[in-house]
Each structure stands twice: as C-alpha cells, then as structure tokens.
Amino acid sequence: MPATVRTLSISRSTSAFAIASVGPIALFLIALILTVQARGVPDNDYWTIFTSMAGSLDGLPTLSDLYVRGNEHIIAGAKLFYLLNFHLTGGDNVGLSVIVVAFSLVIALTLSCAFSLFARSRLEALVIGIAVSLFVFSPLAAHNFFLGMSGIAWIGANLFTVLAALAFWRSAEEDRPMGYVVAIVLAAIASQFYSTGLTALCAIGIQGFCADKTRRLGILLFAVGLAYVILIAVFQKVPEYHAARNFDPTEIALFCLTFIGGGIVTTEANAIPLGAIGIGAAVLIVGFCLFRPSESRYRAAFWIAIMAYAVMSSGLAAIGRGNMGGDQAALSSRYATLPALFWIGLFGAAACLIWRVDFNRRLSIAIFALAVALLVMNGTPRVMDALARAEGKDFATLELSLGVKDPDLMQYVTSTGFQYYAVEDDLRKAKHVPFNGRDFGCPALGAQVAVSDKPVSLTGYIDIVSQTQDPRWARVFGWAADQLGEHPPLLNNGLLSTYRCIAFLDGNGTVVGLGLGGFHRADVAKALGRTRDDYGWSGYIDLQRLNSAPRRIYAVLLTSSGWTRLPEPEIGFQF
C-alpha cells in the first residue's frame, strides 16, 4: 500500500473511529438492558448441553466433556464460556446474555472502525457507526441475545471469524507475516463455537484470493478449509429426531436467498428477491475488486470475506436444515446475525469502490440507513414478543425453585416444558438449574412472619385459588395497588421490569406459599382508572402446610413498614 494512502487512512481513522464508536456503545447499553429484561432463560436442547459438562464443574474442563456435541455441532469453545459463566455467576443465565452482548460489542466496534475509514465528516462517521451496530445487534436476532446459550455459540463463531478477517487484512496491508498465523488460529477457534464457524477458514481463503500478494495463500487456506468442512460433514452424525440433509440444488438456492434476505425482512415473499438482489450485487462488486484492483483492495477483501462467511453459512444451513421447515426455516431468529453480516459486508465492499466520489458515498450511506430502518421496523415486533414471553420467566423461576411442576406456566419459557422436566434432576445434580440466580426477597416456606399493624394505603385481593396438575400445590391469583401512587407496590425496578415477592400466610402467621408481582390485569387498571396494568400477581401455596379443608390464607407484601397485609379478610377454599 502506498505510504501516502496509508498516512491518509491513519490520520482520518482516529477521530472517525471515536465518533463511529458512539453507535456500538449506545447499542451495547440498550441491548444489555433488554437482555436483562428478557431474563436469559435457555430453551430446549441447551439444557442437555449443560448436563454433559457435569464432570467439569468442579475443576478444569475435560476434552471428553467439551466435545460432547450439541445435536451434531461442535461447541467446545461455547462450552468454555458456559463454564466461565457458571463459576462467575453461579450459573445465572443472564450472565450468558451479557457475554453475548459483549461479543457483539467487539464485532460492532471492529466493523465500525473498518467502515469509518470511508467517512468524510463526523456526521457520516456517526451514521455509519449506528447503522453497523443496528445490524450487529439486529432485533431480528432476538433469539441469540435473549437465549444466551444459543448466542454464545452463534455469535462467538461470528466474532472470531470477523477477528480472523481483520487480522488477515492488517497483515496483508502492513506486510506482517505473523498476522496470517494469527488469522488462521482465530478462524480455527471460530470453528469450535458452532458449525457456522467451520466456514471461517474458507472465508479468509477467499479474502486472500482477492489480492495478488496473498492469492496463493488464499487458495491454500480455502482448500484446507473446504477439506475440513467435508471431513466434519462425513463424520457428523445427524440426530435421529432431525430430518435428513437436503442436497436438492433448487431448494438450497431458494433457502440461501431467503436466508440472506432474512437479514432485513421477515417474509419469504420479500426475502427471496431481496436476497437475489444482495447476492447479485455482491457478485458484481467482487468482479470489480478482482479485475480492477485499487489501493483499497485489502480493505475490499476484508468485506468480501465477511460476505463469503455469511453466504457459505447459509449453504450449510440449507443442507442441514432445509428439510426442517423449508425456506421458512431460513427466516429463523437464530440465523439473523449471519445475513446481517452479509449486508454490512456488501455495503463495506461497495464503499471501497465509490468512497472517493462524494455523491456516490453519501448515496450509499443513505441506502445503508434505509436498510437499517427496514431492519428495525421488521425486527422490533420480535423483540416485543420475546420480552412479552420473558415476563412469565420470573414466574417460572419461582415455580421451579419451589419444586412445582406447572406446564401451563412453563409455556412462557418453552412450548415443550416436558423436555426441561426430563433433565431437571440431572441439572440439579450438576448444581445448575436454568432458572436460579434470582433473589426475589421471599421469606422461606415455613417461616414465621411478623405482620405490621401500621395503616397503609394498600388495596387488593386474592381473586382465585385453583388446583394444579401437581396435587401438592395450588395456584393463587390476585392483585395489589397503592391508592396513593401510580406504581404497583410489588414493582422492584421499572427499567428492568422486575418485581418483588408476595407471601401467603396461614392463620398462625406461617408462610405457606409465595408469589410474584408483574402479572397483567387490564380489568384492575380499568377499575383504578390507570394506564399501566401490571398490578396482578401469581403464586403457589403448599397444601401440605395447611390444615384440612376448609383451608384459609391471607397475603402480605413488603412495604416501608415491613410485611404488610392486604386489607381483605382471609380467603378459604375447600380442596
């Protein structure tokens, strides 16, 4: 690279990167708040992943534990972070989501730094940083952020692939051969997080092919990477409960187009043509970069590698999952970070060709911003749906910490609650329950509670006591409000949407059950004439701790005066 061009890039990069970093940091903080709100509860196959690591919880992980596969995937790298979270947080899955958000911050900073080299003003740098970050923290990928065990695997593979491409770029541009070794090592690490990472070595091979100086090395790396993918595929055992691999070329092509378009839109009808436009544009840009090389060829090769990683991953997904839901499966939330990288790479590679012409550069940034607007518009409902489901996760936490089996409540966490119940005993033996780590401020069952007799402005009722499928436990519904305040008395933190405990006592003041606030009651809001409706609560009572029918209980909650009784008489029930 000519010295004058390198000096120009360095002089611009410092201030541009500082401004472009505003977007990644802002989105990191927003994502952190949202993931904590989502409570970080894992789903389905991730429970069985953790039980396979039981032998590594009290010491160093063993290779046999690390290489027990999750379905057919190698996830040894992800397991190391699962174990790290176990030792740092005691297994609280919010910690997993925090790790995912941190991974994404590094990706966003890396890509914003690379993209900001094209900026010619502070405004352009700011817009670029925000746009790149919204793709990296894509709301369409809510699954990966809110289910931390999933995100560590998928986004971990993305992270080390991006870092490998960055190391290769800097090595080529600055003539540092050791950097190629670093890039190869990082690509190898990516392959240990998830099957998408298997294509990392091929991606940097394509990156090397795009420049004369690194072409031979690129061909070698691509060949080795392809051989590795084939080797893994040959020895990979498809689970019996998964459909067979799909090798129909037409179906694979449609799946890939849907996959790429699914980085911005959420319907197959829109994703297929958008994916075709994106891949067509990528082919043209790659052709220009190969046949009309410029001083930014190494930078362009970096963005091409990012695109290639996403496209090759879509191909693997098409082969492995094309028979499990068809093209619609390509729009799954868990896939969305990959096509997001494709679109970042596409705009980055395009910028390498047109960045010197002000009108073209500004037009490309405007189109990039428009794509981001579509992404946010289409992705926000997914975030809202995930947060709505998350509101029931604390209730599920309390349910499982009490030892209650209530499938009706488990629907907030998973549609297949029996899968959790099947492995719960093993998880407890491994000192890990996916719903632990929460302190709701509840007293212990059987404890005696001193109830304050000071007058308060509380109002509320126990509305329903009903039986559950577990004969030991009954479920209790009701509501509580403060006549002098808008906020529910059980609200603990409005920003994080967390709620405090409510306790149920017998006539002797003994705790016989526990519940949580945060249940939505539109009828209560209407009766109180208020806009918010989270005055409801839900909980369980241990029938073995009550005398034979008629049984009677009353509710108390913690106020500034201590444990305070709801101003209603005891409620009785016959079962």
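Can you list residues whose amide H is under 5 Å from Thr498's amide H, if they're 5+ apart or on another chain and H is modeled 1.01 Å from N?
Close amide H contacts, sequence-distant or interchain: Asn492, Asn493.
For the chain, list the cysteines whose Cβ sits under 4.7 Å from no other cysteine Cβ?
Cys113, Cys202, Cys210, Cys256, Cys289, Cys352
What is the dipole size for the chain, taken about its Cα centre, with +1 at each Lys and Arg Cβ and -1 at each Asp and Glu Cβ, in debye to the nearest 20?
1600
In the set (i) 40; (ii) 64; (iii) 44, which value of percent of Cα pairs over 35 Å apart was calculated from the structure you see?
Only one option fits the structure, namely (iii).
Please report, in debye to the nearest 20, how large the charge dipole of the stretch 529-575 is about its Cα centre when each Lys and Arg carries +1 at its beta carbon and each Asp and Glu carries -1 there.
Dipole magnitude for the stretch 529-575 comes out near 80 debye.
Could you tell me how far the Cα centroid of the stretch 159-228 sits from the Cα centroid of the stretch 487-507, in Å?
Cα centroid of the stretch 487-507 versus Cα centroid of the stretch 159-228: 52 Å apart.
Nearest 20 debye, what's the magnitude of the dipole of the stretch 445-570 about its Cα centre given +1 on Lys and Arg Cβ and -1 on Asp and Glu Cβ?
My answer is approximately 100 debye.
Charges on Cβ only, +1 for Lys and Arg, -1 for Asp and Glu, centred on the Cα centroid of the stretch 98-208; of Leu126, Ser112, Ala183, which one is farthest towards the dipole's positive end?
Checked the options; the winner is Leu126.
Of Phe255, Ile152, Gly278, whose Cα points farthest to the positive end of the dipole of the stretch 150-289 (charges on the beta-carbon: +1 Lys, Arg; -1 Asp, Glu; origin at the Cα centre)?
Ile152
Nearest 10 degrees is fine. How inclined is helix 22-37 to the longest principal axis of the chain, computing both from alpha carbons?
Its long axis makes an angle of about 30 degrees.
Given the options Thr266, Val229, Cys202, identify the residue whose Cα lies farthest towards the positive end of the charge dipole of the stretch 194-308 (+1 on Cβ of Lys, Arg; -1 on Cβ of Asp, Glu).
Result: Cys202.
Nearest 500 deg cm²/dmol is fine: what mean residue ellipticity at 222 nm does the chain get from its DSSP H runs of n ≥ 4 alone, each adding -39,500 (n - 2.57), divided by its residue count?
Dividing the helical sum by the residues of the chain leaves -18500 deg cm²/dmol.
What pairs in Lys213/Lys237; Lys79/Lys237; Lys393/Lys526 have C-alpha atoms more than 29 Å from each other?
Lys213/Lys237
Taking the 0 to 90 degree range and rounding to the nearest ten, how far is the long axis of helix 148-174 tilted relative to the main principal axis of the chain, both from C-alpha atoms?
The angle comes out near 20 degrees.
If you bin every alpha carbon distance in the stretch 118-185 into 5 Å steps from zero, what whole percent lands in each bin?
3, 15, 15, 14, 16, 18, 13, 4, 0
For helix 94-116, what angle does its Cα long axis make with the longest principal axis of the chain, in degrees from 0 to 90 and rounded to 10?
Helix 94-116 sits roughly 30 degrees off the main axis of the chain.
Could you put Phe347, Phe291 in order of accessible surface area, largest first, with the 1.4 Å probe and the full protein assembly present?
Phe291, Phe347
Give me the 1.4 Å probe accessible area per residue for the stretch 445-570, excluding ligands and nucleic acids, in Å².
Spelled out: the 1.4 Å probe surface of the stretch 445-570, per residue, equals 47 Å².
For the residue pair Thr267 and Tyr67, what label-to-label distance in nm results when each label sits 7 Å from Cα along the Cα-to-beta-carbon direction?
Placing both labels 7 Å along Cα→Cβ, they lie 4.8 nm apart.
The values are calculated or read from the model by the stated rules, or taken from the named source; none is laboratory data. Everything numeric here is computed off the predicted structure, so don't read it as measured data. No Cβ is skipped: glycine too gets one built from the backbone with ideal geometry, and neighbour counts run over all protein chains shown. Remember, those area values only see protein heavy atoms, side chains included, never the ligands or the DNA or RNA. Shrake-Rupley method; radii C 1.70, N 1.55, O 1.52, S 1.80 Å.
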